[in-house]
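Structure record follows, encoded as structure tokens.
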Amino acid sequence: MNMMIRSAAVAAAFTLVLGAAATPASAAAAASGPAAPQNPYTAPAGGASTHGDSASAKTFTGRGPAGSAVKVTRSTLLSACPTLLHGADGQLLGLCTEYIGQAPALHLLDSSDGDSLAKLPIAKGTLLGGVYAYVDNQDRVVIVDGNRDLLRISHAGGALTVVERTPLAAVIASGDAVVGVVPAYDGKVWFVTAAGLVGAVDTATGAVWSHQLPAGEKVANSISTVPGRFAVTSDRAVYVFDTARKSLLWRYAYDRGPARKPGQLSWGSGATPVFFGPVTGYDYVAITDNADPHMNLVVLRTDGPGTPVCVQPLFTGRAASGTENAPVAVGRSVFITNTYGYDYPALPDDAGTSVPANAGFDGGVARIDVDAAGTGCAVTWQISTRSAALPRLSVTDGKIYTAIQDGILGDADPFYFAAIDSGTGAVSDKALLGFGLVNPLQTAGTAIDRSYFQGTVTGLLTIKPQ
């Protein structure tokens, strides 16, 4: 999910639902399976990152609001808020891009109504640095700011305070910017820059190791770790590194297609690599490619050598498909949303012309299962619901939570909160969120104690059982 560029697109914009569901192909059991082991250097999985955990699986334990009437509260923060985090203490935090100055700021948020309790401005960089942040095992937010400093920010006592700063400017060029940070299981913090510099920093000593991806390759999505492994997707390939040896294990060049598709913010995969699997919780790593006219789900074995388990075409009943969102995954199941034609309010300066220039947002959500032998994949169900957010899956109630767009007005249709049954694809729990000012911009929500929080173009939505 290209959240760094998406945040820039939102800032540029301020400068200037139930979709008709197809019958699921078959009913399956609710998605289940082991998660990757808890990363000892992050907060508990579920809220530690915008993708939930360092494996980027986008799952959480505990129930969401499905099954109850809900109350929706809108908080206007005069910011777009693509990143929502929480640690072991349950304190909700949001990394937002302010309208004025288009600079990032970290907010301490009231989980009862989404209001800001405290705010800390973050130094602005060329990519509005720090969008892909995480919460560490001491409930501190870890980001890299526009000055190329790795920061740890505490919220003790209700105040946001930088308690640790590690300069990275000596290894990151002045015209470059960090796209994301995530810790390995040995505590070293791995990062990647827009220009394809992969690095690992020991914050205790300040020592930094780095590896440059091939010339010309760019990175616009976040990064993932599991025990002993680190993964990153460039605009041409997915890479898996050995974190103990700090060495490249394998590279897989995916089909990047002839151009950026409408509904995407950059040319290439829109997916952060996601670790998942039925045995260890990280047997496989998955991305989506940008093949023309239909994207594929690409599943590879984590330990290589980079030979795909499957390359599964998706949404082939449409004229074309593509996505700006990373998969949701658990066990042998992967869930993909189709964002082809999604109408972003603005595009990054270097996005390039899409081919075609415009398309309708037809949407679609699909479940794909890897077979028990690990030799192929098949689509289990597919629905036409137009997901306007990056979904999250509760492994407790089996529901996929998202914001959807529904109606007959196209891009002007209202947004709704909804839940999708991971076993059948049935959509339920529809609740009106509003119109354009609550556009979630394909960003991820998060859940705390049956409450669901969704960032929007103007702030935050809080969805609670009544």
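The values are calculated or read from the model by the stated rules, or taken from the named source; none is laboratory data. What you are looking at is a predicted structure, and each value in this text was computed from that prediction instead of being measured. Counting neighbours? That spans all protein chains shown, and the Cβs are built from the backbone with ideal geometry, glycine included. Ligands, DNA and RNA are stripped out before the accessible areas are found, and what is left, the full protein with its side chains, is counted by its heavy atoms. Shrake-Rupley method; radii C 1.70, N 1.55, O 1.52, S 1.80 Å.
Points to keep in mind about this one:
- In the context of the full set of protein chains, residues of the chain present 33 Å² of accessible surface per residue (probe radius 1.4 Å, heavy atoms only).
- Within the accessible surface of region 144-253, defined with a 1.4 Å probe on protein heavy atoms only, the carbon and sulfur portion equals 50 percent.
- Taking every C-alpha pair closer than 8 Å and separated by at least 6 residues, the mean separation divided by the residue count of region 197-290 gives a relative contact order of 20 percent.
- Over region 327-431, Cα pairs under 8 Å with separation of 6+ residues give a relative contact order of 19 percent.
- Along region 202-219 the Karplus relation, 6.51 cos²θ - 1.76 cosθ + 1.60 evaluated at θ = phi - 60°, assigns HN-Hα couplings of 8, 5, 6, 10, x, 5, 10, 9, 9, 9, 8, 5, x, 3, x, 7, 10, 10 Hz to successive residues, with x for each Gly and Pro.
- Computed over protein heavy atoms with a 1.4 Å probe, the carbon and sulfur contribution to the accessible area of region 263-337 reaches 51%.
- Summed residue charge, Cβ within 14 Å of Asp292's Cβ, Lys/Arg positive, Asp/Glu negative: +2
- Distant alpha-carbon pairs in the chain (separation over 41 angstrom), percent: 7 percent
- Atom-type composition of the exposed protein surface of region 348-403 places 49 percent of the accessible area on carbon and sulfur (1.4 angstrom probe).
- Ordering Thr73, Thr42, Thr375 by accessible surface, largest first, gives Thr375, Thr73, Thr42; the 1.4 Å probe counts only protein heavy atoms, with every chain in place.
- Calculated mean residue ellipticity, 222 nm, the chain: -1000 deg cm²/dmol, from DSSP H runs (n ≥ 4) at -39500 (n - 2.57) each, averaged per residue and rounded to 500.
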